[in-house]
Amino acid sequence: MPRTTPPRRARLSAVLSACALVSAVATTTVLATPLHAAPRTAGATADGFTAEQLKAEVRPAELAALGQDEAEYLAWSRLEANAARQEKRAVSAPYPQSVRTARLKLLTDTQASLNKSFDPKVFGRFTDYFPSPDYGVHIAMLPTGKVLVFSFEPVTEDPTQEPAPTQTIGKDNRGRAYIWDPAKGNGRDAFKSVPPPDVVLDDGTGVSRPAPFFCAGHSFLPNGMLGVFGGNFGGGGGTGAKLSLVFDPWNETWTRNSDMSVGRWYPSVVTGEDGRQLIMSGQSEYGWGWPTPVVERFPAKSHSVPKDPAKVPVSPVDKFGVEAPFTTDYPQLFSLNDGKIYAFGRTATEQWKFDPKAETRTDLPARPDAVQRNYGSAVALPGGFNGPDSMLLLGGNRDNPNTYQFSGNQWSMLKPRAFGRTQDDTLILPDGKLFTVNGAFDIRDYGNGALNPNGDLKYRQTEARDADGNWQLGPVQRLARGYHSNAVILPDGRIMVTGDELQQIANNPDIKSGMNGSIEIFEPPYLQTGSRPTLDSAPTGPLRYNTAFTVNTSTPGRVTRAVLLSPITSTHSVDTSQRHVELQITGRSGGQLTLQTPPLAAAAPPGYYMLFLLDAAGVPSVAKWVKLETKDTGGQLG
């Protein structure tokens, strides 16, 4: 989504003579003259807007909070950006369908040709590619086995222009959501529309529209529901909405809760060992360049943690005891096995540890690369039976392929990938190996300049890390998906890849079909070996921590490992929920295995997990869903 980068805390008269707004895909570029350069008339500001236009655009809340100069500057920035977009549309010719069709054919043919050199048994393979009604900017693997994707209604179908309504105020600033049911295949009937609730934002239009919840942050609650916070208010280069929503996967409905105290555009959300969510960062209600330091919690401490999948939590947020003063958005957040929340900002010096119980913040060592990173992947590394105690930072720097592990309160550099990439997605597979898909040169930039969908095709190539930490390039995906790309692991072990509306628009075989997006399926090498272990049944009721439970399998002799894999919910290369936890096999009796749940909620926060059985070669069964649940025993979790 486009970003403008106005100087902060500058007086309007100085700003108008110094710079103009620029797109986020090239945030370091400063133009010598304003984009909207109409001749000046009596009563007009320096760039052609009348005093009346400027006055009408000033928002009372900004005026009260920031003063006249700042409020007028924010108003000017919105007028400037809207004028620039309108002028660009006026001179742009439509993007031909013939070009979209030809592009997709070329990418399909080159994918097939290049992938002939990769043995599926060693590298895996891409299989299905099919249309989707949504771009998949946000994604969640639901505990029903279905996948939620959500984003926005586009403002253009031209892939050389910004398609998102970030700068739009009113009815066209609207969200949308769909569910894909893999059991129904890949046709149009496999998708169901699940629109968000209608909202009226305080944007001066008084218009009701489906909640513009794109640009939000999200994570799972212990009852399997998805908490979604923030969104796009409209204008200001990225202005945060105060939305607080819950998606119920069992009834496939949305519920709106009381608004947060601050707006958030690009926040991050993490679920802790107590089942409560911490919400951090995001550009505030004052627009891009004003990220909020306020940390909020859902549900509020005055409300109980939602455990029952039949009850939607109705609760406000409350303020956490300390702030998170990030100067950038979408930090990487992880709940590690000491029960603390580790927060890794894109600015090298903004690394902190939060204690959810004491409500304190502690400084962590600065990241050793000492650079400002773009959006890129990070994962909590598998830590065996006790859950993860470290994090691996991978993407976000197109010039640096190195990977960085944070463990034991210190950083270390691990083996590099083949090349640096931003906007990538790295997944933890059931066998514990890592797999990277997607990536780009920059935001809306695939290597040939901003808003040019013709990409450097190296970013189509996947990459996998083995058990020894070595990375190896693998098969290429069809589209060079970058900004807003996503991927999730399905219960059958396949990987669903989607996202990046610019690439999907540029390569749509029928742009008028109503199927705006696309999905691609990857089968890892463990699915190329033929038969696999089976998991015939698992408990459907909640499982307590540090207790035994039994499962049934018709292939007991093949099973050597049992693994919990948390469902992915991600956006902008941020997935705070991803987790891989080994389970001890403590008993065998015929086709029945006795397994031991994780010792504490800190090892695996309460909620739904995919349970896989694996053989010695790392081939997983099809997963069954199990639910870990805490019980209150003198204030202890277990």
Q. When you scan segment 284-337, how many residues do you find that are acidic (Asp, Glu), open to solvent by less than 50 Å² (accessible area, probe 1.4 Å) and touching a residue at least 24 places away in the same chain (Cβ under 8 Å)?
A. 3
Q. Which residues, counting only those in segment 259-277, are charged (D, E, K, R), open to solvent by 10 Å² or more (accessible area, probe 1.4 Å) and assigned to a strand (DSSP E or B)?
A. none
Q) Of all residues in segment 467-497, which are over 24 Å from LEU611 (Cα atoms) and of a type in the set (S, T, N, Q)? A) ASN470, GLN472, GLN477, SER485
Q. Out of (1) open to solvent by 40 Å² or more (accessible area, probe 1.4 Å); (2) closer than 25 Å to TYR483 by Cβ, what's the single condition that is false for MET280?
A. (1)
Q) Mind checking which residues of segment 434-460 are in a strand (DSSP E or B) and either among the aliphatic types (A, V, I, L, M) or open to solvent by 40 Å² or more (accessible area, probe 1.4 Å) (or both)? A) LEU434, VAL437, ALA440, ALA450, ASN452
Q) Out of (1) touching a residue at least 40 places away in the same chain (Cβ under 8 Å); (2) among the charged types (D, E, K, R); (3) surrounded by fewer than 20 Cβ atoms within 10 Å (Cβ to Cβ), what's the single condition that is false for ASP399? A) (1)
Q. Has segment 592-603 got at least one residue that is aliphatic (A, V, I, L, M), on the phi < 0 side of the Ramachandran plot, open to solvent by 10 Å² or more (accessible area, probe 1.4 Å) and within 33 Å of the chain's Cα centre (by Cα)?
A. yes
Q. Across segment 114-130, what is the number of residues that are open to solvent by 40 Å² or more (accessible area, probe 1.4 Å) and either touching a helix residue (DSSP H, G or I) at 6+ places or on another chain (Cβ under 8 Å) or of a type in the set (Lys, Arg) (or both)?
A. 7
**Q.** Counted residues, segment 247-258 - those being in a loop (DSSP other than H, G, I, E, B) and among the polar types (S, T, N, Q)
**A.** 3
**Q.** Residue that is open to solvent by less than 30 Å² (accessible area, probe 1.4 Å) and over 20 Å from the mean Cα position of the chain (by Cα), where the choices are LEU393, LEU427, LEU381, LEU364
**A.** LEU364
Q | Residues of segment 131-151 classified as in a strand (DSSP E or B) and open to solvent by less than 20 Å² (accessible area, probe 1.4 Å), total | A | 10
(Q) Quick check on this structure: which one of SER577, SER554, SER573 is touching a Ser or Thr at 6+ places or on another chain (Cβ under 6 Å) and at positive phi? (A) SER573
Q. Any idea how many residues of segment 185-204 are without any contact (Cβ under 8 Å) to a residue 60 or more places away in the chain, open to solvent by 30 Å² or more (accessible area, probe 1.4 Å) and closer than 21 Å to GLY238 by Cα?
A. 2
(Q) Could you check segment 404-419 and list, in sequence order, the residues that are without any contact (Cβ under 8 Å) to a residue 40 or more places away in the chain and surrounded by 21 or more Cβ atoms within 10 Å (Cβ to Cβ)? (A) none
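Hey, among PRO159, PRO163, PRO154, which residue is part of a loop (DSSP other than H, G, I, E, B), over 24 Å from VAL574 (Cβ atoms) and under 22 Å from the mean Cα position of the chain (by Cα)?
Working: PRO163 fails: over 24 Å from VAL574 (Cβ atoms); PRO154 fails: over 24 Å from VAL574 (Cβ atoms).
The conditions single out PRO159.
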Q) Which one of these does GLN111 not meet: (1) open to solvent by less than 50 Å² (accessible area, probe 1.4 Å); (2) touching an Asp or Glu at 6+ places or on another chain (Cβ under 8 Å); (3) at pLDDT 75 or above? A) (2)
Q.
Against the condition in contact with a strand residue (DSSP E or B) (Cβ under 7 Å, 6 or more places away or on another chain), part of a loop (DSSP other than H, G, I, E, B) and modelled with pLDDT of 95 or more, how does PRO196 come out, does it pass?
A. yes
**Q.** Elements of type strands (runs of 3 or more DSSP E) in segment 494-570, at least 1 residues being at pLDDT 95 or above and open to solvent by 40 Å² or more (accessible area, probe 1.4 Å)
**A.** 548-552, 561-565
Q. Which ones in segment 345-361 are at negative phi and either open to solvent by less than 40 Å² (accessible area, probe 1.4 Å) or in contact with a His (Cβ under 9 Å, 6 or more places away or on another chain) (or both)?
A. GLY345, ARG346, THR347, ALA348, GLU350, GLN351, TRP352, PHE354, ASP355, PRO356
Q) Considering TYR375, TYR330, TYR404, which residue is touching a Ser or Thr at 6+ places or on another chain (Cβ under 8 Å) and in a strand (DSSP E or B)? A) TYR404
**Q.** Extreme residue, surrounded by the fewest Cβ atoms within 10 Å (Cβ to Cβ), among residues of segment 78-108 that are touching a helix residue (DSSP H, G or I) at 6+ places or on another chain (Cβ under 9 Å) and at pLDDT below 95
**A.** TYR95
Q. Mind checking whether some residue in segment 462-472 is assigned to a strand (DSSP E or B), open to solvent by less than 20 Å² (accessible area, probe 1.4 Å), in contact with a strand residue (DSSP E or B) (Cβ under 7 Å, 6 or more places away or on another chain) and of a type outside the set (D, E, K, R)?
A. yes
Q. Is it true that PRO313 is modelled with pLDDT of 95 or more, more than 30 Å from THR540 (Cα to Cα), out of contact with any Ser or Thr (no Cβ under 6 Å at 6 or more places or on another chain) and part of a loop (DSSP other than H, G, I, E, B)?
A. no
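The values are calculated or read from the model by the stated rules, or taken from the named source; none is laboratory data. The structure displayed is predicted, hence computed values, not measured ones. Note: ideal-geometry Cβ built from the backbone for every residue, glycine included; neighbour counts use all protein chains shown. Keep in mind that these areas ignore ligands, DNA and RNA; they rest on the heavy atoms of the full protein, side chains included. Shrake-Rupley method; radii C 1.70, N 1.55, O 1.52, S 1.80 Å.
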